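Heads up, the thing below is written out as structure tokens.
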Amino acid sequence: MDTDAQLPERDPSPTPEQGPEQRSRSARFPAGIARLGHRPVTLLVCCLAFLFLLSTFVVQPFLIPSSSMENTLRIGDRVLVNKLAYRFGGEPRRGDVVVFDGTGSFVHSNSGENPVTALLRGAGAALGLARPADTDYVKRVIGVGGDHVTCCDKRGRIKVNGRPVSEGYLHPGDAPSSVDFDIVVPEGKLWVMGDHRARSSDSRDHLGEAGGGTVPVGKVIGRADWISWPVGRWSTIDAPRSFDAIPVPAGPHG
């Protein structure tokens with residue numbers, strides 16, 4: 001046997017199993033993995049952008065920060081605010097629970113919040129994850145433009161246009177008001193009060209200020225229509241029927 005015989009040289013050309021196309025696919029494979037890795041991030045960004053747009057124009061989660069609307073709304077509840085409720089010609093009605101910007105009516109000074117902190121808090125509030133701005137309030141509409149709202153009659157009830165209102169939504173043990181008032185609500189304004197009257201800072205607390213405690217309709221962010229969290233409190237927020245019998249305003253003094 002010839003031990004010095006040379007082995008046949010390997011053909012350096014690529015085999016069919018490892019052709020140029022396969023090598024090209026192999027080169028692209030890491031890039032494909034990278035793209036797959038970015039997809040969850042892209043999907044998350046798109047979802048957040050969608051939720052932010054939905055919150056800005058259609059329905060916004062709102063975290064209840066205080067006890068002023070108990071027992072209808074409790075601290076920590078998240079309500080869904082319908083921003084389309086009054087967008088196309090509709091107006092707030094008596095009994096509606098509304099979220100509004102109190103700047104200029106309930107709040108007359110700048111909070112001085114750090115701009116970066118305000119931006120982060122605003123983004124969280126828009127998704128219902130953080131407390132709303134200190135200028136945002138949630139209250140119940142008691143009187144609308146032209147209404148004559150007074151408190152209280154001999155039985156301690158609030159009257160609207162001369163008709164007493166049965167307020168079954170009040171927090172147990174609360175009187176309709178510990179403050180007497182007599183006001184004709186200007187056109188385009190609202191008289192609003194919390195359901196937990198003993199704990200609510202509302203229109204009554206701003207009677208001596210410009211606007212007399214009323215809130216401009218244009219400052220209403222939307223109507224609170226649903227309690228979305230916690231799960232055990234899922235429910236709609238309906239206007240009470242006790243306002244149905246209120247007559248229309250009869251002039252400048254009700």
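The values are calculated or read from the model by the stated rules, or taken from the named source; none is laboratory data. In this text, all values refer to a predicted model and were calculated from it rather than measured experimentally. Remember, those area values only see protein heavy atoms, side chains included, never the ligands or the DNA or RNA. Shrake-Rupley method; radii C 1.70, N 1.55, O 1.52, S 1.80 Å.
From largest accessible area down, sort TRP234, TRP229; use a 1.4 Å probe on the protein chains. Present the calculation step by step, with values, prior to reporting the outcome.
Working: TRP234 165, TRP229 125 Å².
Ranking TRP234, TRP229 by accessible area, largest first, yields TRP234, TRP229.
Straight Cα distances below 29 angstrom link LYS219 to the lysines LYS83, LYS139, LYS159, LYS189, with same-chain residues fewer than 8 positions distant left out.
For ASP147, the amide hydrogen comes within under 5 Å of the amide hydrogens of VAL185, counting only partners 5 or more places away or on other chains and with H modelled in the peptide plane. Our coupling estimate for the range 205-222, obtained by passing each phi through the Karplus curve with A = 6.51, B = -1.76, C = 1.60 and θ = phi - 60°, is 7, 10, 4, x, 9, 4, x, x, x, 7, 10, x, 4, x, 8, 6, 7, x Hz, Gly and Pro reported as x.
What are the residues whose amide H is under 5 Å from the amide H of PHE181, where those residues sit 5 or more places off or on another chain and H is modelled from the backbone? Amide H to amide H, under 5 Å and 5 or more residues apart or across chains, PHE181 pairs with CYS151, CYS152.
Only protein heavy atoms count here; on that basis, with a 1.4 Å probe, ILE246 has an accessible area of about 20 Å².
Find the accessible area per residue for the range 191-254; the probe is 1.4 Å, ligands and nucleic acids are left out, and the unit is Å². Could you put the intermediate results ahead of the total?
Numbers: 3250 Å² over 64 residues.
Normalised by residue count, the accessible surface of the range 191-254 is 51 Å².
Restricting the calculation to Cα atoms, the range 202-248 shows an Rg/Rh of 1.11 when the hydrodynamic-style radius is the Kirkwood one.
Whenever you get a sec, compute what percent of the accessible area on the range 139-230 sits on carbon and sulfur atoms (1.4 Å probe).
Values: 1990 of 3930 Å².
Carbon and sulfur atoms account for 51 percent of the accessible area of the range 139-230.
Among ARG93, ARG78, the order of accessible area from largest down is ARG93, ARG78, computed with a 1.4 Å probe on protein heavy atoms.
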